[in-house]
4 protein chains.
Amino acid sequence: MIHLGVIGYGYWGPNIVRNFNSVDGAKVIAVCDKNKSTLQRVRKVYPYVDLSRSCHEIITAPDIDAVAVVTPVSTHFELAVEVLRNGKHLFIEKPFTATVAQAEQLIELAEKKNLKIMVDHTLLFTGAVRKIKEIIDEGVLGELYYYDSTRVNLGLFQHDVNVIWDLAPHDFSIMDYLINERPVAVSTCGKSHFNSLEDIAYVTVYFENSLIAHFNVNWLSPVKVRSTLIGGEKKMLFYNDMSADEKIKVYDKGIEVKNKQGVYDLLVSYRSGDMWSPRVRQKEALQVESEYFVDCVRNDRTPINDGHAGLRVVRILEACNESLKNNGRMVNL
Amino acid sequence: MIHLGVIGYGYWGPNIVRNFNSVDGAKVIAVCDKNKSTLQRVRKVYPYVDLSRSCHEIITAPDIDAVAVVTPVSTHFELAVEVLRNGKHLFIEKPFTATVAQAEQLIELAEKKNLKIMVDHTLLFTGAVRKIKEIIDEGVLGELYYYDSTRVNLGLFQHDVNVIWDLAPHDFSIMDYLINERPVAVSTCGKSHFNSLEDIAYVTVYFENSLIAHFNVNWLSPVKVRSTLIGGEKKMLFYNDMSADEKIKVYDKGIEVKNKQGVYDLLVSYRSGDMWSPRVRQKEALQVESEYFVDCVRNDRTPINDGHAGLRVVRILEACNESLKNNGRMVNL
Amino acid sequence: MIHLGVIGYGYWGPNIVRNFNSVDGAKVIAVCDKNKSTLQRVRKVYPYVDLSRSCHEIITAPDIDAVAVVTPVSTHFELAVEVLRNGKHLFIEKPFTATVAQAEQLIELAEKKNLKIMVDHTLLFTGAVRKIKEIIDEGVLGELYYYDSTRVNLGLFQHDVNVIWDLAPHDFSIMDYLINERPVAVSTCGKSHFNSLEDIAYVTVYFENSLIAHFNVNWLSPVKVRSTLIGGEKKMLFYNDMSADEKIKVYDKGIEVKNKQGVYDLLVSYRSGDMWSPRVRQKEALQVESEYFVDCVRNDRTPINDGHAGLRVVRILEACNESLKNNGRMVNL
Amino acid sequence: MIHLGVIGYGYWGPNIVRNFNSVDGAKVIAVCDKNKSTLQRVRKVYPYVDLSRSCHEIITAPDIDAVAVVTPVSTHFELAVEVLRNGKHLFIEKPFTATVAQAEQLIELAEKKNLKIMVDHTLLFTGAVRKIKEIIDEGVLGELYYYDSTRVNLGLFQHDVNVIWDLAPHDFSIMDYLINERPVAVSTCGKSHFNSLEDIAYVTVYFENSLIAHFNVNWLSPVKVRSTLIGGEKKMLFYNDMSADEKIKVYDKGIEVKNKQGVYDLLVSYRSGDMWSPRVRQKEALQVESEYFVDCVRNDRTPINDGHAGLRVVRILEACNESLKNNGRMVNL
């Protein structure tokens, strides 16, 4: 039986506790949070969970095997170092850390102590993203041309990070999972309207080949959009996470180029065929992920969303901020 | 009666001829096109139109008052100069010219000869754009925060210009019409997959104040999207040109910031109220525009889409190309 | 403090227990169910609830003030009679009873003993239905012409009632709540494909005036539809319960008839104006309803969804079955 | 070369003339209409068409091979009889005739004189209906359970027929084309709000087996709906004619019944798989139909939409009116 301690019971914490609690072979035995009224909400639903310990006590407790860090990113490094130093496995919210250097240190530490790090890239565990992975890996789309993501809605404003650090880790982690190519450079534009943190941003990511990726993130949109277009040589895919029944559509559409020689000689023909929407597994993503964490810990497996995956996302985030400061200038990764 | 000559009867030419022909007080009397089989299509529908003249003959004909230039942009300047020198009013496809310098020369020439230039920014004459103009001018949205446009679909590949010069003039001209602020800088990323011309591009436009604009244009999308989000201090507007009945939605949604001082003190509250979708006039935009052209010519009025408007669009286009060459580096306007 | 006993913990029971438990001033103290593994699910989430009593013991327990009957309709009458005879208030699933005669008996019994009956017409407590009620009562739609409802999806097949008794009580109760007119007759067509119970049915309800209502219910639809059109003299309303953000749309559309005299003299003009989508309260309907039940019991108020409301729905259901047997023949109410 | 005369140039006439005119081997040589200003519209677009003849002159003209009757249904029989007696092929608007008896007489007359009758069931010639026909004929859906159609919008009020005779012929003709089973009975409910003609109606059609069909037609709807659900044993199909790109969706969804014996023993399992949206040909339906008419005339082929098809539709329409008069009583066909 894996015993977990959870640090932080704010917006996402209740989901962490509920899901880890329901995993066979795991149990949340302690939760801490700065806010007393928050802890009373835990008591109501889980009268048997220990709320008396401080976060330091949770981290050092001998009866706890793994710690979930569900706090703002600015606190991640300090807490995570302590968790790992105390020989406990780490489940940590995205983004992994506030800097590339921090992420590298945590990875090194975990490897030295033979501990698992899992960064909570929840969306990798949705039925939709899994199905898209299958489709891409089977070569259905052919060589990829572009990856174009939009994640916009009203709020929630964060107080310590800009909209990119808040929303884009979802998309960077999905892209990292789906695409084998590694990104080489970033260009980012954005604007802040209320304080110094950007509430709107546009990120372009370049790859070595002709693949281009783009991310539109916005805290000030009246409509909620969660969609990604992935265009390939053979087919094109539309992923709409707001659709209840048809999250993925694969279009047998594209262009065929007869003559790639010159500009004026280019002969383009259009292909427009059927559309196919595969069925997607419905199970809650965080449930799948928490079972996977317990499995990785018990059977000493390396998670797909390990520290290295977390680091790759932080590397792009850091480059975005640098490009932002330079009005969109390209920053190499 | 205004007599028109039309140069070019390709993709858009038939619409030009049909609409100008139906304006009271105007008549298309001559059409020319390089392609003989194209001219036969004209003959079938308009047996009385003169197809015998060359484009030079049309431009110099004493019985012709105005010439519509409906050809690729690379030919615009040479034809337009001749039209104006021969004392004829000019109706010309978008984008106005291939360079800022050309546009400036044409404006000067027209002013000297007291002739009208109208650049075919058709979408300014849709019921939807007119209604949005009203809404913005009445202050319904309050101070503007962002303008975020997506115009993507499969094809049509152009042979002489990239996707920005093909699709974005629509959006640049709408933005120019709707927004009183003037843009000050541009940052553009993009990629070409088949030849040297970009088929996907992302354009960010900066203004003096905190307004930011973004344009996503793509020739390789399986789904056709024509939408613009306009976010303001008071309300937010969604313009979806693909919707048959609800092209414009005005959301009484937004955030209110209590304390703009420090990052951590920022108190944000969300407002989420009703949505309102105004009725939009249905009349064909090009019909409205061709009537307006005839009216401007007869009554010596300056069109909203005159040479200066065309120039402002070309200025952004030119800056986009320069930024593209420099991997997204900001280019001042 | 109102103490509740709950009979039945199948599909809907967990929602009943969760919501009543969270009402201030109420507590679920006992739950019973035929199925032992079902009870174990209760124990996991609510370790303190008494699971030892039989349904008879719950009904007769002196420490229980009210009983929620969450069982198939065929068992309703027998259980409800016992609940009321034992002096307890009754919260009961829809449809209220299997026959009009049973409903009338229960109403009489409750009135004699001064007890409350509340029939679980949950949808009356949604923000959307409340808002539509306001709109209609304010006269926004004018005189009503039609009420046209569609409630179709795949499953869930019921074993004891046809699709009308399963799905239409939702719509009949909403119509009963929204519309002041009383229905006078019913005509129903339907078909069964797997056993003797209809899985598809079409119900038309007539009123004294020219209002007509129609209900399309279907257990065999690949798409889930939950929509109602309400057409009035002044405006028309579309209620789409599957829409996340725009559940209600009010259209300023309609026809105006100039001359109602003769067929050929009829002058019809169309009105097509703005659309307006009011904001709708988001609170869970069953939460609102369970608070309302506790309030009605404590403050001796008559619920809008009392036994009489339940009876009116059962009266239509009974007439539907009679019309079905006679191939759509009109049955008076 | 087939020479056509066209009687009636109202709402639909311009489409008839335009399409027949563009068929190779056919030419519209004369058009008549009661309304003089209507004829001026013809003159503008087709200066060479003869507008001088009366409808009687067109019908009796020796240089005319076929006559298109594009007038209200009340005039069909008298005109059609004269067309056929004068030895001309007949293209006639839907519904074919005002009564079953009239349709039977016209069929007999045409057969005697070896002339073609084609009833303008235009929608049979859309890419979507053709694709659905293929899908059903290949057995993709399996045995059919239901056919559920909705055709509602605002207007256009007709002055001589109710909403069923105006809108439902489209759907009855599609059903007749798609489904091999023959309907055996009809039950219809409806209501009129402005004169004696029903503006809203609900039609149920029974078949010998367990297939059931339903048609919801309404002139008073704020939203335009053109959709049909077809449910089968193996798959289910959704046909949405208002969708630009995904008119047909085939769902691998359904239920499987293990035990059809008794009510309580019924074991139902649900199947929920992929969705597939086949590409649909885009060519204008009336263009396909007019080419087909010319082909049938020239090569002596029997159209799928011949007089018998027209008669089958009129037979249902006549039964609908009888059922309406009897408040939904079932009427055998």
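Here is how the numbers come out for the structure above:
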read-out: ³J(HN,Hα), Karplus 6.51/-1.76/1.60, whole Hz, each residue of segment D:188-196, x for Gly, Pro; value: 9, 10, x, 8, 10, 10, 10, 8, 7
read-out: Student exercise, the protein assembly as shown dipole from Lys, Arg, Asp, Glu Cβ charges, in Debye to nearest 20; value: 0
read-out: Estimated 222 nm signal from helices in chain B, with DSSP H stretches of n ≥ 4 weighted -39500 (n - 2.57), rounded to 500; value: -10000 deg cm²/dmol
read-out: Crossing angle, helix B:163-178 versus chain B [Cα axis fit, 0-90 degrees, rounded to tens]; value: 70
read-out: Separation of alpha-carbon centers, segment B:1-70 and segment B:84-106, rounded to whole Å; value: 19
read-out: Shielding by other protein chains, A:267-276, mean Cβ within 10 Å; value: 5
read-out: For C:MET330, B:MET236, order by how many other beta-carbon atoms lie within 10 Å, fewest first; value: C:MET330, B:MET236
read-out: Inter-chain Cβ neighbour average for residues B:159-165, partner chain, 10 Å; value: 1
read-out: Given 10 as the ceiling on other Cβ atoms within 10 Å, longest exposed-site-free region of chain C for chymotrypsin sites (Phe, Trp or Tyr not before Pro) in DSSP loops; value: C:49-263
read-out: Table column - 3J(HN,Hα) (Hz), segment C:113-124, Karplus curve with 6.51, -1.76, 1.60, x for Gly and Pro; value: 8, 6, 10, 8, 10, 10, 8, 6, 8, 3, 5, 4
read-out: Pseudo-label separations to other copies for C:ALA101 - Cα-to-Cβ vector, 7 Å, nm; value: 5.0, 8.7, 9.9
read-out: Segment D:106-205 shape via C-alpha gyration tensor axes, a/c threshold 1.5; value: oblate
read-out: Reciprocal mean inverse distance between Cα atoms of segment C:1-112 - Kirkwood radius, Å; value: 14.1
read-out: Three-way shape call for the protein assembly as shown based on the alpha-carbon gyration tensor, with the a/c threshold at 1.5; value: oblate
read-out: With Cα atoms, 0 to 90° folded angle of helix C:76-85 axis to chain C main axis; value: 60
read-out: Exposure proxy order (Cβ contacts within 10 Å, fewest to most) of A:SER187, B:SER52, A:SER149; value: B:SER52, A:SER149, A:SER187
read-out: Relative contact order of chain D, pairs being alpha-carbon contacts under 8 Å that are 6 or more residues apart, as %; value: 19
read-out: Between segment C:182-255 and segment B:132-190, the Cα center-to-center distance that results, in Å; value: 43
read-out: Local electrostatic count, B:ALA66, Cβ distance below 12 Å [Lys/Arg +1, Asp/Glu -1]; value: +2
read-out: 21 Å Cα-Cα reach of A:LYS191 towards lysines, excluding residues that sit fewer than 8 places from it in its own chain; value: A:LYS224, A:LYS325, B:LYS234, B:LYS235, B:LYS253, B:LYS258, B:LYS260
read-out: For chain A, the longest site-free run once GluC sites (Glu not before Pro) in DSSP loop states with at most 10 other Cβ atoms within 10 Å are removed; value: A:1-137
read-out: Shape category assigned to segment A:200-286 from the gyration tensor of Cα positions, a/c cut at 1.5; value: oblate
read-out: Cβ-based net charge around C:HIS3, under 12 Å, with every Lys or Arg adding one and every Asp or Glu removing one; value: -1
read-out: Partner aspartates and glutamates for A:LYS283 [C-alpha distance under 19 Å; skip if fewer than 8 residues away on the same chain]; value: A:ASP24, A:ASP120, A:GLU134, A:ASP241, A:ASP245, A:GLU246, A:GLU291, A:ASP295, D:ASP274
read-out: Projected label distance in nm at B:LYS112 and D:ASP245, using a 7 Å step from Cα toward the beta-carbon; value: 4.9
read-out: For B:SER210, inter-copy label distances in nm, listed shortest first [label point 7 Å out on the Cα-Cβ vector]; value: 4.1, 5.6, 6.4
read-out: Of all chain A residues, the one whose C-beta is nearest the axis that brings A onto D, in angstrom; value: A:TRP276, 3
read-out: Test item: D:250-258 mean partner chain Cβ contacts at 10 Å; value: 4
read-out: With Cα atoms, 0 to 90° folded angle of helix B:307-325 axis to chain B main axis; value: 60
read-out: Net charge of Cβ neighbours under 15 Å - reference B:THR228; Lys, Arg +1; Asp, Glu -1; value: +4
read-out: Calculated label separations, A:ASP63, copies of the chain, 7 Å along the beta-carbon direction, nm; value: 3.0, 10.3, 10.5
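Rule-based calculations on the coordinates, nothing more; no lab input. The structure displayed is predicted, hence computed values, not measured ones. Cβ coordinates were reconstructed from backbone atoms using ideal geometry, including for glycine residues, and neighbour counts include every protein chain displayed.
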